[in-house]
Structures are given as structure tokens and as C-alpha cells.
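The values are calculated or read from the model by the stated rules, or taken from the named source; none is laboratory data. This is a predicted model, so every value here is computed, not measured. Glycine gets a Cβ as well: all are built from the backbone with ideal geometry, and neighbour counts include every protein chain shown.
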Amino acid sequence: MANTKSAKKMVRKIAARTEVNKNRRSRMRTYVRKVEEAIESGDKKAAAEALKAAQPEIMRAAGKGVIHKNTSARTEVNKNRRSRMRTYVRKVEEAIESGDKKAAAEALKAAQPEIMRAAGKGVIHKNTSARKVSRLSARVKAMG
């Protein structure tokens with residue numbers, strides 16, 4: 001427990017600052033969650049808009065000291081990488097659905113390095129990337 005007048009004031013200031021930072025962190029996480037949901041839904045336009053709206057919010061949180069600036073930069077880059085990887089995977093799945101084996105093979109050939117790059121950069125786990133590539137390859141092979 002604080003004893004001096006200045007220590008008591010610091011406790012009050014820290015409590016107020018903590019409350020403001022909680023709100024800023026929550027706001028940033030909401031924007032990031034909206035990006036994730038848009039990417040999951042598969043709506044490319046909504047995902048791009050959500051990412052565009054989230055980037056300034058992430059940078060603002062870094063500027064205010066809520067999160068470290070390197071954390072914000074890494075978060076932005078990883079969101080872009082994850083979105084890019086999912087776009088490539090979606091193209092493969094669409095080609096498989098259309099029944100065009102040649103287009104599916106070409107899409108898989110383009111998607112494979114992107115998936116591996118995401119794993120190499122730590123966006124997804126290496127086992128997850130291997131599983132994605134393996135399952136997509138098996139689906140393309142099974143098209144016959």
C-alpha cells in the first residue's frame with residue numbers, strides 16, 4: 001500500500017492509464033478479429049477493407065505504447081501473409097470444385113510455395129502447412 005502522497009497519486013494515475021490502455025487494446029483486438037472473420041468467410045473485398053481498417057488501429061496502439069511497435073509490425077505482416085496463403089488455397093479448392101484437373105494442378109503449384117513460406121515465417125505451424133499441401137495434392141490426384 002502506498003504511504004506517501006505522491007505514491008498514492010501515482011497509484012491513481014496508473015489505474016487511470018491502465019483503464020485507457022485496456023480500451024485501446026480491446027479496440028485493436030476487435031479490428032484484428034474482424035479481419036480474421038472476413039478472411040474465414042472468404043469474402044475478399046470485405047477482408048481487404050477490414051485489413052485496411054485494422055492497420056491504422058494496430059499502428060495507433062503501437063504509437064500509444066499499448067503494444068510494442070515490433071509486435072504491431074509483425075501482426076500486420078502476418079495478417080497479410082495469412083490472407084495471401086488462404087487466397088491461394090481457395091483458388092486450388094475452386095479449381096477442384098470446377099473439375100478442371102489442369103487448372104487445379106497449376107493452382108496447387110502456385111499455392112504450395114506460398115503455404116511453405118507462411119510456415120517458414122511462423123504464420124502457421126510447419127505440420128499444418130504439410131497437412132494442407134498433402135490434402136490438396138491428394139484431392140487434385142483423385143480428380144483422375
Residue list for the stretch 113-144, restricted to those being surrounded by 18 or more Cβ atoms within 10 Å (Cβ to Cβ) and among the polar types (S, T, N, Q): Ser129
Boolean, Arg29 is under 29 Å from Val140 (Cβ atoms), free of Cβ contacts under 8 Å to residues at least 40 places away in the same chain and among the basic types (Lys, Arg): no
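This table checks each residue for (1) out of contact with any strand residue (DSSP E or B) (no Cβ under 6 Å at 6 or more places or on another chain); (2) outside the structural domain of Ile14 (by TED's automatic domain parsing); (3) of a type in the set (Asp, Glu).
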{"position": "Ser26", "(1), (2), (3)": "yes, no, no"}
{"position": "Asp43", "(1), (2), (3)": "yes, no, yes"}
{"position": "Gly63", "(1), (2), (3)": "yes, no, no"}
{"position": "Ser72", "(1), (2), (3)": "yes, yes, no"}
{"position": "Arg86", "(1), (2), (3)": "yes, yes, no"}
{"position": "Val92", "(1), (2), (3)": "yes, yes, no"}
{"position": "Glu97", "(1), (2), (3)": "yes, yes, yes"}
{"position": "Lys109", "(1), (2), (3)": "yes, yes, no"}
{"position": "Thr128", "(1), (2), (3)": "yes, yes, no"}
Failed condition for Glu40, given (1) closer than 18 Å to Ala118 by Cβ; (2) without any contact (Cβ under 8 Å) to a residue 40 or more places away in the chain; (3) surrounded by 11 or more Cβ atoms within 10 Å (Cβ to Cβ): (3)
Of all residues in the stretch 55-73 being free of Cβ contacts under 8 Å to residues at least 24 places away in the same chain and surrounded by 15 or more Cβ atoms within 10 Å (Cβ to Cβ), the one that is farthest from Val32 (Cα to Cα): Ala62
Residue match in the stretch 78-96 (condition: within 30 Å of Val140 (Cβ to Cβ), without any contact (Cβ under 8 Å) to a residue 12 or more places away in the chain and of a type outside the set (D, E, K, R)): no
Candidates Lys9, Lys13, Lys52 - the one that is part of a helix (DSSP H, G or I), within 15 Å of the chain's Cα centre (by Cα) and charged (D, E, K, R): Lys52
Residues satisfying the stated conditions in the stretch 47-89, i.e. closer than 15 Å to Thr30 by Cβ and among the hydrophobic types (A, V, I, L, M, F, W, C): Ala50, Leu51, Ala53, Ala54, Ile58, Ala61, Val66, Ile67
Unique residue being within 19 Å of Lys141 (Cα to Cα) and either among the basic types (Lys, Arg) or loosely packed, with under 13 Cβ neighbours inside 10 Å (or both) when the list is Lys22, Lys45, Lys52, Lys102: Lys102
